[in-house]
Amino acid sequence: MQRIDPSLKIYASETSRNYLQVLKDNKTFERMVDAYLFAAAFAIKEDFSIYGINLSNRQDLINISQIEPEVILALTAGIYIICKKNSYPQPSDGKEVLDKICQYAEVGLRELKERWQGKVSNQIQADIERIINNL
């Protein structure tokens, strides 16, 4: 399993950053990156397709070193498991692992945004609890 260099940055599309800011502002998540990584875990769990998720024109969100190592380890393991399950090539280095995490975060956030449309913070938090309890 390839490790992600702690100096690398998690990056998000402008559309995702805008929604992440909404989730932070309404206090659904304390940090934008927490929502982004939750979206990645959700997308991995649901086995969403990342086909066609473009990684260009992204903006830095946070350094990997600012994320709890256990979170990065769990997401990295999830990437390897989903690649094996779907017969995709295993990531060749930590940068590729990070790229896949960001791709899953993008698709997961898009799905969650649709799922949470019209809901207020406490309704979203209740849904997050349901998602976590169904892992």
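The values are calculated or read from the model by the stated rules, or taken from the named source; none is laboratory data. Everything numeric in this text was worked out from a predicted model, so none of it was measured. No Cβ is skipped: glycine too gets one built from the backbone with ideal geometry, and neighbour counts run over all protein chains shown.
Of note:
- Residue satisfying all of: in region 29-54; surrounded by fewer than 18 Cβ atoms within 10 Å (Cβ to Cβ) and of a type in the set (Gly, Ala, Ser); modelled with the highest pLDDT among these: 49
- Test: residue 6 is touching a Ser or Thr at 6+ places or on another chain (Cβ under 9 Å) and without any contact (Cβ under 8 Å) to a residue 60 or more places away in the chain: yes
- Summed over region 16-55, the residues that are of a type in the set (Val, Ile, Thr), within 27 Å of residue 86 (Cβ to Cβ) and either outside any helix (DSSP H, G or I) or free of Cβ contacts under 8 Å to residues at least 40 places away in the same chain (or both) give a count of 3.
- For region 82-101, the candidate set comprises residues that are touching a helix residue (DSSP H, G or I) at 6+ places or on another chain (Cβ under 8 Å) and surrounded by fewer than 15 Cβ atoms within 10 Å (Cβ to Cβ); within that set, the residue that is farthest from residue 4 (Cα to Cα) is 88.
- Any hit, region 57-75, residues being closer than 19 Å to residue 131 by Cα, at pLDDT 95 or above and out of contact with any Phe, Trp or Tyr (no Cβ under 9 Å at 6 or more places or on another chain): yes
- The set of residues in region 114-135 that are surrounded by 10 or more Cβ atoms within 10 Å (Cβ to Cβ) and aliphatic (A, V, I, L, M) comprises 120, 124, 126, 128, 131, 132.
- Among all positions in region 21-28, there is at least one residue which is surrounded by 12 or more Cβ atoms within 10 Å (Cβ to Cβ), under 25 Å from residue 131 (Cα atoms) and among the basic types (Lys, Arg).
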